[in-house]
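Before any comments, here is the structure.
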Amino acid sequence: MFDGYDSCSEDTSSSSSSDESEEEVAPLPSSLPIIKNNGQVYTYPDGKSGMATCEMCGMVGVRDAFYSKTKRFCSVSCSRSYSSNSKKASILARLQGKPPTKKAKVLQKQPLVAKLAAYAQYQATLQNQAKTKAAVPVEGFSWGNYINSNSFTAAPVTCFKHAPMGTCWGDIAEGVRVEVPNTDCSLPTKVFWIAGIVKLAGYNALLRYEGFENDSGLDFWCNVCGSDIHPVGWCATSGKPLVPPRTIQHKYTNWKAFLVKRLTGAKTLPPDFSQKVSESMQYPFKTSMRVEVVDKTHLCRTRVAVVESVIGGRLRLVYEESEDKTDDFWCHMYSPLIHHIGWSRSIGHRFKRPDITKKQDGHFDAPPHLFMKVKEIDAAGEWFKEGMKLEAIDPLNLSAICVATIRKVLADGYLMIGIDGSEAADGSDWFCYHATSPSIFPVGFCEINMIELTPPRGYAKLPFKWFDYLRETDSIAAPVKLFNKEVPNHGFHVGMKLEAVDLMEPRLVCVATVTRIIHRLLRIHFDGWEDEYDQWVDCESPDLYPVGWCQLTGYQLQPPAPQSSRDSQSSSSKQKKKAKSQQYKGHKKMTSLQLKEELLDGEEYSFLQGASDQESNGSASYYIKQEP
């Protein structure tokens, strides 16, 4: 058996101490560590800056006392020895976690007690992190099997800037090597082995143990951000044994030489990857914080709610007047539907005053800086006016883009919008969008982008023509230049899998697919459900997540609906074609109109999608020219 690499032959482990060269080795250019040395400059486990590790001997010391401008070596001797060492010897040193050589000088070493305390703190952090990453089992559903059996692709983590590691995912890709538990072993203790990433699907990676070459028999899926995945070299520094899988143990007599050859020049995770994951899963919102949130029974107003729980940045808000805490609302902390206390009054938005005149003990207002900031606007010149027409996503039927009217102009760029033909007499179903919202569009947007526009309910003059409608209603269209035309390079493509919130039942996060891309607008289909339940969502929506997000955060994932549920839901939905519900709730939506999706043949579909991909980086043809 192997105890790390100590039981392997030592014929390649000798290190040269030649003083032939004084050249310093250039810093590694890659954002991911390349496995070629026995130590790296990094922050010490207790988080203190200014510490460094000698890349030759592994000695930890004060960075300022290290030799050379790059501070990579503790002494001239180590710098020269490093320059003359072979790649094989330096890899072995790192994998074996060798102790400092005799030539190494102890540079202001920390007291042993301080080091032990720092290490204990570091291990406690890892343990706490592991507790928060307990996988939530979904009976009968596995992302890995689902993707493998259908050859699906998943949206990369970098598409989701609001998700953990979304902005610091780096170059994690196929070919990166990691150390993971070895499940093909009969030893009573937990042992590890090196594996390479074969395929990435969001946070999940298909891994293959080193030595299996093209044999996929023991490939397995694992969450890259999980507590059991480590950078190469972790076992050596942590005293964990590396043991080759039993299936291939007979293939090589010198596993040490095999690994040196396989790992030379390969990439691994950054040494602080686990720490970054932990930091990216810290959320500023805390339980008992008070916020203003949309009233799900009357969209035209807001109410006070209290944060009851925080899971992965998603907030369960309980309306303050709910005594049994069952009247709740789910949304992400970056949702445009929540605001700081006092927001409604500051912009002139309708607000339901709570019956409770005094804050309950322990409740406190969430600081304003925690909320998502909207872009500043200049309403001094030409601006939106009441009565102007536009197109807008219906918040009560997110599969539809409808004919809409600006009913009221509020302060700070906020607008109250009503859906033509569906408005309540008292305006209780008006909803608030900011002028820069990606959910409102100028007249003609649907026509130029081949999206079916939902006309006003009861409007008989079909097919709907904007020119005729504006003349009949004696209205004007909102100027095109007032709308948000920014299209980020989001990285989504048609067919990509992800996890998405069903915004009509926002407590649910479901298996979903991107089926259309119109600039920054995504059409999200919930796998296993009818197309009429699709939803239009912005590419930067905080309600979209990478594959594996639910497992990482401990949130419950809703698998694709089984055939029996689809059949029953389909038959019931046909009987429920009545007026829309007034609530942001109720899986699945009750719609007054069923959108018909045009079935495009393969050639036309490829052409349209190509156009969408090209337009995703610009807005030259974003809007149609308005008729005079």
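The values are calculated or read from the model by the stated rules, or taken from the named source; none is laboratory data. Remember, predicted model here, so these are calculated numbers, not experimental data. Positions of Cβ are backbone-derived with ideal geometry, glycine not excepted, and every protein chain shown enters the neighbour counts. Protein only, heavy atoms only, side chains kept; ligands, DNA and RNA dropped before computing areas. Shrake-Rupley method; radii C 1.70, N 1.55, O 1.52, S 1.80 Å.
Given the criterion farther than 23 Å from M372 by Cβ and either touching a strand residue (DSSP E or B) at 6+ places or on another chain (Cβ under 6 Å) or modelled with pLDDT of 95 or more (or both), identify the matching residue among P506, P479, P546, P463. Don't jump to the end; show me each part of the working.
Details: P506 fails: farther than 23 Å from M372 by Cβ; P546 fails: farther than 23 Å from M372 by Cβ; P463 fails: either touching a strand residue (DSSP E or B) at 6+ places or on another chain (Cβ under 6 Å) or modelled with pLDDT of 95 or more (or both).
Exactly one of P506, P479, P546, P463 is farther than 23 Å from M372 by Cβ and either touching a strand residue (DSSP E or B) at 6+ places or on another chain (Cβ under 6 Å) or modelled with pLDDT of 95 or more (or both), namely P479.
For the structure I just gave you, tell me whether G413 is open to solvent by less than 10 Å² (accessible area, probe 1.4 Å), under 27 Å from P284 (Cα atoms) and touching a residue at least 24 places away in the same chain (Cβ under 8 Å). Lay out the reasoning, then the answer.
Working: open to solvent by less than 10 Å² (accessible area, probe 1.4 Å): yes; under 27 Å from P284 (Cα atoms): yes; touching a residue at least 24 places away in the same chain (Cβ under 8 Å): yes.
Yes.
Can we say D355 is open to solvent by 10 Å² or more (accessible area, probe 1.4 Å), over 29 Å from the mean Cα position of the chain (by Cα) and charged (D, E, K, R)?
yes
Which residue out of S344, S309 is in contact (Cβ under 8 Å) with a residue 12 or more places away in the chain, of a type in the set (G, A, S) and under 26 Å from F483 (Cα atoms)? Write out each step before concluding.
Numbers: S309 fails: under 26 Å from F483 (Cα atoms).
Among S344, S309, only S344 is in contact (Cβ under 8 Å) with a residue 12 or more places away in the chain, of a type in the set (G, A, S) and under 26 Å from F483 (Cα atoms).
Show me the strands (runs of 3 or more DSSP E) entirely contained within region 487-534 in which 1 or more residues are closer than 20 Å to P438 by Cα and over 17 Å from the mean Cα position of the chain (by Cα).
Values: elements: 496-501, 509-518, 521-526.
Result: 509-518, 521-526.
Residue under question is E423, and the condition is that it be without any contact (Cβ under 8 Å) to a residue 60 or more places away in the chain, more than 22 Å from K481 (Cα to Cα), assigned to a loop (DSSP other than H, G, I, E, B) and open to solvent by 20 Å² or more (accessible area, probe 1.4 Å); does it hold? Lay out the reasoning, then the answer.
Details: without any contact (Cβ under 8 Å) to a residue 60 or more places away in the chain: yes; more than 22 Å from K481 (Cα to Cα): yes; assigned to a loop (DSSP other than H, G, I, E, B): yes; open to solvent by 20 Å² or more (accessible area, probe 1.4 Å): yes.
So E423 fits the description; yes.
Does T302 satisfy the criteria of being outside the structural domain of C432 (by the TED database) and touching a His at 6+ places or on another chain (Cβ under 7 Å)? First the steps, then the outcome.
Numbers: outside the structural domain of C432 (by the TED database): yes; touching a His at 6+ places or on another chain (Cβ under 7 Å): yes.
In short, yes.
When you go through D228, D215 one by one, which is the residue that is closer than 18 Å to Y203 by Cβ and surrounded by fewer than 22 Cβ atoms within 10 Å (Cβ to Cβ)?
On the way: D215 fails: closer than 18 Å to Y203 by Cβ.
Criteria check complete, one pass: D228.
So, E382, is that one charged (D, E, K, R), open to solvent by 30 Å² or more (accessible area, probe 1.4 Å), more than 24 Å from L315 (Cβ to Cβ) and free of Cβ contacts under 8 Å to residues at least 60 places away in the same chain or not? Explain how you work it out, then say what you get.
Numbers: charged (D, E, K, R): yes; open to solvent by 30 Å² or more (accessible area, probe 1.4 Å): yes; more than 24 Å from L315 (Cβ to Cβ): yes; free of Cβ contacts under 8 Å to residues at least 60 places away in the same chain: no.
No: the conditions fail for E382.
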